[in-house]
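This report refers to the structure that appears directly beneath it.
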Amino acid sequence: MRIDLILLSLPMAVEFPSPPVVLADNLRPLHALPRGARGVIEHLGSPAQEGDREVLLRLLEIGFLPGETVRVIAHGRRGAEPVAVRIGQATFALRAREAALIRVRPLAAEQECLA
């Protein structure tokens, strides 16, 4: 079994609120999902800061596409960054700022069995 681990590096650290963060229509930023939770990517956020555009393009290139199911594998110390996530058979480590750009709809337990 091959596991790909990619860390997108950004020079700045940004603090994000602790879970639970819920957006309209039950959407959450990816970093707000608890360990072991699954969600379906609904969309990627709009670039708010300089450099976000490049991060969004890179996320799209590596497979963070609307409709994909993602699972949170682990969070860093005290629920902070990085957050390890799995899409298909690939595992990625994202900073909280990067994961916050990804909006997911959490899957209920009965839906997770089908995913």
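Within the shell of other residues whose beta carbon sits under 13 angstrom from the beta carbon of GLU42, the net charge comes to +1, with Lys and Arg scored +1 and Asp and Glu -1. Multiplying the residue separation of ARG78 and LEU27 by 0.36 nm and removing their Cα-Cα distance gives an extension gain of 16.1 nm. Highest mean packing first, where packing is the average number of other Cβ atoms within 10 Å per residue, the peptides 93-101, 56-64, 37-45 line up as 93-101, 37-45, 56-64.
P(r) tail, the stretch 35-95: Cα-Cα pairs separated by more than 12 Å, 69% of all pairs.
Any read-out appearing in this document is the output of simple, stated calculations on the displayed coordinates, not a laboratory observation. Keep in mind that what you see is a predicted model, and the values were worked out from it rather than measured. For neighbour counting, all protein chains shown are included, and Cβ atoms are generated from backbone atoms with ideal geometry for every residue, glycine included.
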